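Can you keep this structure in mind? I'll have questions shortly.
Throughout, read-outs are computed from the coordinates displayed, never taken from laboratory work. The model shown is predicted, which means the values in this text are computed figures rather than measured ones. We place every Cβ from the backbone using ideal geometry, glycine too, and count neighbours over all the protein chains shown.
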């Protein structure tokens, strides 16, 4: 141990100027704050401290690493140590302990002014930096030793290095395309990655000294053999690990996370789910056929809210252009400004025939952000962007028509597909209003069907056919008849919670009002009332079978959450399902209402995020989550 | 001098790629002896020393230091060995004082006082970094470090290389003193044959990757002679001598023989018509030239 400390002390002593330089530069950065005029001294001091913080320790790690053993090797001085009663292990430990002290010391000297000026990076980041610097020091040692040995083996090392980088890029790209690139850089994975790399390089250095001693070429052979063997193992491990990470299935999902979107007909659902027991925190989006259980995994960053066809046979969404390196660059916006300009694609999923099939198409509108609606035969899609809405031909991705409309809650193709109905809150005046607007793409004609004054906390709660239900904030709820433009206001004194609403297949409207669920006609006349007890809110309304209303009741207590099934015509309670709430509820209820009796109308979420369907015969069938296993 | 071998080289072979530097070299360094390993530049002396110190693994054979394999038991053995390398290899940033302080903890029998005395005697400035010392001062520091460890075996790899006559003399004086005081075994490779001749007990000569001589200095000197004969009309032969070099001169003939004995000289005289036979003893340098220098060239 004394030998290790002796060598470490010697290394630190001979390079103490590094620490002195780091301290001097830190003081300079610190002093600038006092010397320069107020206003910009702080910024300059911080900028200098930041540059110092980033650049000096990196330079120090490279300088120390490349000279720690490499210089002795090149100048034939390693024999000095090996001519003493010193083990190779003690020499290795002493040299790298000294190097680590120097690099860590330089880092801390540089970090201090930054921390003192209030730009600290946190303990975890400090630990990651230190690990990275030790790894960099070991890397510099490796390259330096290989180069300084003067062996032709260095050419082979360079070739293998290029192959290694290529293989790693391919692996990271593979993870990145699948949406799991971030798993390499998570707070748990990054220190592990760095520690493994640093340990492998340090192990190679140990092999170099133990096997080669003062013989530079023999040491080079040991160093290369260890580095490339460990690199091969690491690449194989990375490949296996990537395969394992990406292999997550819906069966492992502990609970479904937002978003959960369900086709209004058919049995397709799209959800994000994290495996209950890890897989490096990878949470893909699953597009799944709920009936058969077949699924595809999608990269979360490339999935936006989809629009489904009315029959649930297709779904389309805007797939943002996310490069695979997006995950592994510190600030892609800074480094790859060009990437932002890349156009999004249109993802088209064919559903209803077992495993969903997803294809990507070109998308002409440059600023497309969200798919709003699909026409009945799945040929055209309406997408919204920053400058308005565009009608796009799916097969070619070409723009068919566009309109400068914004703040759209929802859109539907009207029967026949010639016109589109928009539900929007235009910001074209001082008065907030909710507007129902029909647009004919062929001639660009726009017709306002209804206009309701609202306050800023407006929500579209439900829409079906010519009826829409809106929560207008403190102004209460309103039923809008888009055929006549009539607006029926209900209980203006209601609370400001948006609540829930549903347009039933019978033409009646169910909606939450204060401490009851009321079933009303389109004119607002009450047909039935279902009281809701205090401290319970109406979470969602569904029509699991024609004429049956399912009322999801939410409480803070998990045990008391439940869905009450009532006769929509009379309000008579038929049964209660404890612990289940209707699934697929999106904030603002912008989705198309599920068809009565459809898979979506029968899909419920359990208290642990599991998904189940209530079959017509009363049985529960697990779809995703704990109960599905 | 006891018969026990401190260092034993066994069938040693060293190769650098296709180049064979040492092949089948075997010898022993008896305890208490001063063993001079001679050879021309590139003859493999330094490679042999590196193998002996466990710094380099031979292609074949091995070296036993104090009865143990030098490669496997290097660390243990180095506690009993003092080394003065051909190129002073101490860290250039450390001063002589720092070098002593660095090395001291590794050796149980470290004699710091003697080392400091030695450095003072050689006028080595204690606060000047090793890298800035003169060649002679560096050699002195390395010798001081080697001797301070009170070694059983002292390995000196061409220690006088680049030293002036005064420094060379001082080094040998120091060495003689050490050997006289402690009976330390020494393995010395050198080109300074005049310097080593007074202190060497045994001599080994490397030539063309092989060992061509390995015996006591007395024995070596006893069997080498230069023999000169005046002109003779009769047929001439050097028998029973085996000349290593032989030449015709305008005054007669001359040869260096490596198997000289008085009996052979008597037989030679009896066979030779000329009465004018002169026999001259050779210095170590002359013997070395006849053994190692016959291949010609500068390297």
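Convex hull over the alpha-carbon atoms of the stretch B:1-153: what's its volume per residue in Å³?
That works out to 129 Å³ per residue.
Could you work out how far the C-alpha centroid of the stretch A:50-89 sits from that of the stretch B:212-274, in angstrom?
Each part reduced to its Cα centre gives a spacing of 59 Å.
Evaluate E = 1/(1 + (r/R0)^6) for residue B:16 and residue B:117, where r is the Cβ-Cβ distance and R0 equals 45 Å; express this FRET efficiency to the nearest 0.05.
E between residue B:16 and residue B:117, to the nearest 0.05, is 0.65.
Please report the projected area of the stretch A:455-597's Cα convex hull averaged over all directions, in nm².
For the stretch A:455-597, averaging the hull's shadow over all directions gives 7.8 nm².
Grab the beta carbon distance between residue A:16 and residue A:243, set R0 = 60 Å, and tell me the FRET efficiency rounded to 0.05.
0.80
Something else about it: Given the peptides A:266-275, A:357-366, A:571-580, arrange them by the average over their residues of other C-beta atoms within 10 Å, most packed first.
Going from most to least packed, we get A:266-275, A:357-366, A:571-580.
Take every residue in peptide A:74-81, count the Cβ atoms of other chains within 10 Å of its Cβ, and give the average of those counts.
Mean inter-chain Cβ contacts per residue within 10 Å come to 6.
Under the classification rounded if a/c is under 1.5, otherwise prolate if a/b is larger than b/c and oblate if not, where does the stretch A:540-599 fall, given a ≥ b ≥ c as square roots of the Cα gyration tensor eigenvalues?
Judged from the Cα gyration tensor, the stretch A:540-599 comes out oblate (a/c at least 1.5, b/c at or above a/b).
Each label point is 7 Å from the Cα along the Cα-to-Cβ direction; what then is the distance between the points at residue A:367 and residue A:523, in nm?
4.6 nm
Between residue A:455 and residue A:170, what length in nm is gained on full extension when 0.36 nm per residue of separation is reduced by their alpha carbon distance?
So the extension gain works out to 97.4 nm.
Using 7 Å Cα-to-Cβ label points, what is the residue B:166/residue A:360 separation (nm, one decimal)?
8.2 nm
Using only the Cα atoms of the stretch A:2-246, build the gyration tensor, take square roots of its eigenvalues as a ≥ b ≥ c, and label the shape rounded, prolate or oblate: rounded if a/c is under 1.5, else prolate if a/b is larger than b/c, else oblate.
Verdict is oblate for the stretch A:2-246.
How much length, in nm to one decimal, is gained on full extension between residue A:291 and residue A:483, taken as 0.36 nm per residue of separation minus their Cα-Cα distance?
65.4 nm
In addition: For a quick check, take a GNM of chain B with Cα springs below 10 Å and name the residue from B:43, B:283, B:150 with the largest mean-square fluctuation.
Highest fluctuation of the listed residues: B:283.
In the stretch A:141-156, which residues have a backbone nitrogen under 11 Å from the label point lying 7 Å from residue A:217's Cα in the Cα-to-Cβ direction?
Residues A:150-153 fall inside that zone.
Please report the relative contact order for chain A, taking Cα pairs under 8 Å with a sequence separation of at least 6, and give it as a percent rounded to a whole number.
8 percent
Here's a follow-up. Taking the Cα-to-Cβ direction at residue A:427 and at residue A:235 and moving 7 Å from each Cα, how far apart do the two end points lie in nm?
Each label point lies 7 Å from its Cα, and together they span 5.2 nm.
How shielded is B:79-91 by partner chains, expressed as the average number of their Cβ atoms within 10 Å of its Cβ atoms?
4
Under the 0.36 nm per residue contour assumption, what length would be gained going from the current alpha-carbon distance of residue B:239 and residue B:180 to full extension?
Additional length available on full extension: 17.0 nm.
Hey, another quick one. Using 1/(1 + (r/R0)^6) with R0 = 56 angstrom and r between the beta carbons of residue B:228 and residue B:76, what's the FRET efficiency to the nearest 0.05?
0.55
Based solely on its DSSP helices, what 222 nm [θ] is calculated for chain A when runs of n ≥ 4 H residues each add -39,500 (n - 2.57) and the sum is averaged over all residues, nearest 500 deg cm²/dmol?
Value at 222 nm, helices only, nearest 500: -11000 deg cm²/dmol.
Which value at 222 nm does chain B reach when only helices count, each DSSP H run of 4 or more adding -39,500 (n - 2.57), with the total divided by all residues and rounded to the nearest 500 deg cm²/dmol?
So the calculated ellipticity at 222 nm is -9000 deg cm²/dmol.
Using alpha-carbon pairs under 8 Å, 6+ residues apart, how would you state the relative contact order of the stretch A:455-597 in percent?
18 percent.
Do you know the relative contact order of chain B, to the nearest whole percent, from alpha carbon pairs under 8 angstrom that are 6+ apart?
Reported relative contact order: 19 percent.
Which order do B:135, A:442 fall in if you start with the one that has the fewest other Cβ atoms within 10 Å?
If I rank by nearby Cβ atoms, fewest first, I get A:442, B:135.
Per residue of B:98-109, count partner chain C-beta atoms within 10 Å of its C-beta, then hand back the mean as an integer.
Mean number of neighbouring Cβ atoms from other chains: 3.
Now, a different point. Between the stretch A:438-456 and the stretch B:58-130, what is the C-alpha centre distance in whole Å?
What the calculation gives is 94 Å, centre to centre.
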